[in-house]
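Contents: one structure, followed by commentary.
The values are calculated or read from the model by the stated rules, or taken from the named source; none is laboratory data. These numbers were taken from a predicted model, which means no experiment stands behind them. Please note: Cβ atoms are built from the backbone with ideal geometry, for glycine as well, and neighbour counts cover all protein chains shown. These area figures cover heavy atoms from the full protein model, side chains too; ligands, DNA and RNA do not enter into them. Shrake-Rupley method; radii C 1.70, N 1.55, O 1.52, S 1.80 Å.
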Amino acid sequence: MSLAEPFRELVRACFAGIWIETLEASEALQEIATVCRDEEWTFATWDLEAGFRSPSATEGAADPLSAVRALDNLASEGGTAVLALPNFHRFLRSPEIVQAVARQILLGKARRTFLVVLAPETEIPPELSRLFATLEHELPSREALREIATSIAVEPGELPEGPDFDRLLDAAAGLTRFEAEGAFSLSIVREARLAPQTLWELKYRALKSRGALELYRGTETFADLGGLEALKSFCKRSLARSRQGEVRARGVLLLGPPGVGKSAFAKALGTETGRPTLSLDMGALMGSLVGQSERNLREALKTADAMAPCLLYVDEIEKSLAGLGGSGDSGVAARLFATLLTWLNDRTSDVYFVGTCNDISKLPPEFSRAERFDGVFFLDLPGRDDRRTVWDLYRRCYSVPSDQPTPEDADWTGAELRACCRLSALLDLPLTEAAELVVPVAHTAAESLGQLRSWADGRCLSADRPGIYRSTRTPSRRRAIPRDPSTN
């Protein structure tokens, strides 16, 4: 829904204070002005640079306080007047202005005068929080982006067709109208046509500058990842149905010890399914002001919703929410967790969420309940056949001769197999000697791995084979450390 219709409804219902959250104040003003013109309402604006602009009153509004008071002059018998104040949230730190705004809103119901604040975020002072009705000016839809593209690409051959146009709109999703116009124009200058590559590049820079979200640009595929066949098949099949619009896929939670390929799988999944992969850094959300962290998370999730269809990836989510249940961070972790839970449960956008976790005991049980995710998968240490596949992958990657024998690799993770091949190439050592420099996590964290397997037994799906995970393996015993004969 566009901004025009909900705005018209609030004015007709006599909500005298309206707060519009928008990243494009000029576009929002145009929509409001169009509604006022159609309804024959008096429309005026004030901002710090241009001052007060109205067809009937132009005096006494040189500063923000007088601009609010000027709404009195717009009132007329039987008429409706709207005063729009773009970026006015900057002035709501003054007690005089807050008091004047409250007075105008309370009087506005009887006079049919409406005060509209346009701001990039909803930061309403507590004195005014009950007086404003809030609206959200959404980022442009795919249809709006299509109109922008067709208005810019007017020469033959500049506008893609069919599936290529769909890929272009996927790349443009999440941009403002101003950003989309600039990206389309730059694409024509560079490529002489509208091409997704330029849009992805600009979007990557924009997301990186904001800190919390990053657009992953790797090229890994499932062919670069050994094993996990059940998990691969499950995700590809569910995302294919979701793309067709039959049933919406929600995402997966991946549980397992470090090094078994949870992060690598999340990165390869986007490439395999043709979806952009957004990586959410929960630590970058933290702000120094009360409520800032939660607001940052809501903005990040809103951006992900606007970029749908996409994949949103959070690594080691239990560490991101460290402190949950404690009071050392004044409840910030708990509020972030509640915000994330609400989004996971209520979202309607085609955002596929992939979370990874090394220690499920640090997360409350409601996080992994049904309908938050399509499935909770346990990624165990790779089996013998999977290890053979991984050895072949990393031998080719690091040019390790294929005739070199592999060392004893029971209970090794994929990361440890890779480390062995890399050290073999780096130090010019045979694999068997390089293996002496690798200490598997199954030895350094044998107890926690056993606890993790015990928890996952019967509670998670298996990533390697269809069905429920059943623990049938125990980590091998730690390597004995030679005793120094000089000690007693």
Note on Leu83: of the conditions (1) under 18 Å from His137 (Cα atoms); (2) in contact (Cβ under 8 Å) with a residue 24 or more places away in the chain; (3) not in a strand (DSSP E or B), unmet is (3)
Candidates Ala183, Ala223, filtered to the one that is closer than 30 Å to Ala415 by Cα and either surrounded by 19 or more Cβ atoms within 10 Å (Cβ to Cβ) or over 20 Å from the mean Cα position of the chain (by Cα) (or both):
Ala223
Restricting attention to the stretch 226-275, which residues are open to solvent by 20 Å² or more (accessible area, probe 1.4 Å), under 25 Å from Asp359 (Cβ atoms), outside any loop (DSSP other than H, G, I, E, B) and of a type outside the set (Phe, Trp, Tyr)?
Ser263, Ala264, Lys267
For the stretch 426-456, how many residues meet the condition of being of a type in the set (Gly, Ala, Ser) and open to solvent by 50 Å² or more (accessible area, probe 1.4 Å)?
2
Under the condition of being part of a helix (DSSP H, G or I) and touching a Gly at 6+ places or on another chain (Cβ under 9 Å), which residue from the stretch 186-204 is most open to solvent (accessible area, probe 1.4 Å)?
Leu202
Exactly one of these conditions fails for Ala144: (1) open to solvent by less than 40 Å² (accessible area, probe 1.4 Å); (2) within 30 Å of Ser185 (Cβ to Cβ); (3) at pLDDT 90 or above. Give me its number.
(3)
Does the stretch 148-167 hold any residues that are over 18 Å from Gly270 (Cβ atoms) and surrounded by 13 or more Cβ atoms within 10 Å (Cβ to Cβ), and which are they?
Ile148, Ala149, Thr150, Ile152, Ala153, Glu158, Leu159, Pro160, Asp164, Phe165
Across the stretch 457-475, which residue is modelled with the lowest pLDDT among those that are of a type in the set (Gly, Ala, Ser) and surrounded by fewer than 14 Cβ atoms within 10 Å (Cβ to Cβ)?
Gly458
Counted residues in the stretch 106-139 being open to solvent by less than 10 Å² (accessible area, probe 1.4 Å) and under 21 Å from Ala33 (Cβ atoms) come to 8
Could you list, in sequence order, the residues of the stretch 283-304 that are within 10 Å of the chain's Cα centre (by Cα), crowded, with 20+ Cβ neighbours inside 10 Å and of a type outside the set (Ser, Thr, Tyr)?
Leu297, Ala300, Leu301, Ala304
